[in-house]
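Visitor: Here it is: the structure, laid out below.
Taken together, the values in this text are just the output of simple stated rules run on the coordinates, not laboratory data. Note that the coordinates shown come from a computational prediction; the quantities given were computed from them, not determined experimentally. A quick note on method: Cβ atoms are made from the backbone with ideal geometry, for glycine too, and the neighbour counts reach across all protein chains shown.
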Amino acid sequence: TDSIIEDNVFTANLIGIALRDNSNNNLVQRNTITASLDDGVLIESTSTSNSLLQNSIYANAGLAIDLGPDGVTANDALDADTGANNLQNFPVLTNALAAGSTFTVSGSLNTEANKTYRIEFFASTAADGSGYGEGERYLGYTTVLTDGSGDATFHASLLASVTAGEFISATATEDLGGGSYSGTSEFALSIAA
């Protein structure tokens, strides 16, 4: 609880990083997590407010990020459910376009109403077997504010080189302001650039 895990390489572990029950308010950032025999990052059901930012998570046998040890967690309207990281909804990507040193991506997020979220984008040479993720290379982020119905759309232009055919995914993390964050989602369903 209240720990920072940053700038490490986790490779060929059973699980890359496991935030066990009642592990709250942890920041996991700028790590490389690969070749795990199960999930890259597992956040168990009673662990909340854990932020995963700017990590490289790929080529793990399980999900890159798993909120509860149960595979992909479906989004729900207004994100009213509870569990690991309050089962934060992931973004839905609709378009990704690579053009030289600029990359644009569009999509939406439905989650809690009237809150600010950081949407992080990632490119990978291969998508996860589930289709959700991975996050091999961090590309950048945009910030969105949800409306009274919990909806936000985004069209982000990033200074990042992406090769046509790479797979693009994203995560959503509540932005509390002042450099504080709370509760990262699983990875979005990947789309090809």
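Visitor: Going by the structure shown, is A80 without any contact (Cβ under 8 Å) to a residue 60 or more places away in the chain, of a type in the set (A, V, I, L, M, F, W, C) and surrounded by fewer than 19 Cβ atoms within 10 Å (Cβ to Cβ)?
Guide: Yes; evaluated as a whole, the condition is true for this residue.
Visitor: When only residues in segment 90-140 that are among the charged types (D, E, K, R) and assigned to a strand (DSSP E or B) count, which is surrounded by the most Cβ atoms within 10 Å (Cβ to Cβ)?
Guide: Ranking the qualifying residues of segment 90-140, first place goes to E120.
Visitor: Here's a follow-up. Can you tell me which residues in segment 50-78 are out of contact with any helix residue (DSSP H, G or I) (no Cβ under 7 Å at 6 or more places or on another chain) and under 21 Å from N25 (Cα atoms)?
Guide: Within segment 50-78, S51, L52, L53, Q54, N55, S56, I57, A64, I65, D66, P69 qualify.
Visitor: Shifting gears a bit: Give the residues of segment 93-131 that are over 18 Å from L53 (Cα atoms) and among the β-branched types (V, I, T), sorted by residue number.
Guide: T94, T102, T104, V105, T111, T125
Visitor: Here is a check on your reading of the model: is A172 in contact (Cβ under 8 Å) with a residue 60 or more places away in the chain, among the hydrophobic types (A, V, I, L, M, F, W, C), part of a strand (DSSP E or B) and surrounded by 22 or more Cβ atoms within 10 Å (Cβ to Cβ)?
Guide: The answer is yes for A172.
Visitor: Also, I was wondering about something else. Hey, among T34, T48, T73, T102, which residue is under 20 Å from A152 (Cβ atoms) and out of contact with any Pro (no Cβ under 8 Å at 6 or more places or on another chain)?
Guide: Checking each option against the conditions leaves just T73.
Visitor: On to the next question. Kindly provide the set of residues from segment 6-24 that are closer than 24 Å to T82 by Cα and assigned to a strand (DSSP E or B), ordered by number.
Guide: Result: I17, A18, L19.
Visitor: Quick one: L14 ticks every box in (1) in contact with a Pro (Cβ under 8 Å, 6 or more places away or on another chain); (2) exposed (fewer than 14 other Cβ atoms within 10 Å of the Cβ) bar one, so which box is it?
Guide: So the condition that L14 fails would be (1).
Visitor: Scan segment 141-164 residue by residue and report those that are outside any strand (DSSP E or B), free of Cβ contacts under 8 Å to residues at least 60 places away in the same chain and among the aliphatic types (A, V, I, L, M).
Guide: A160
Visitor: OK, next. If you take the residues of segment 83-130 that are β-branched (V, I, T) and farther than 22 Å from G62 by Cα, which of them is farthest from the chain's Cα centre (by Cα)?
Guide: T102
Visitor: Could you tell me which residue of segment 41-59 is nearest to the chain's Cα centre (by Cα), considering only residues that are surrounded by 20 or more Cβ atoms within 10 Å (Cβ to Cβ) and free of Cβ contacts under 8 Å to residues at least 60 places away in the same chain?
Guide: Filtering first and then ranking leaves V41.
Visitor: Within segment 47-70, can you find the residues that are part of a loop (DSSP other than H, G, I, E, B) and within 13 Å of A188 (Cα to Cα)?
Guide: Selection gives L63, A64.
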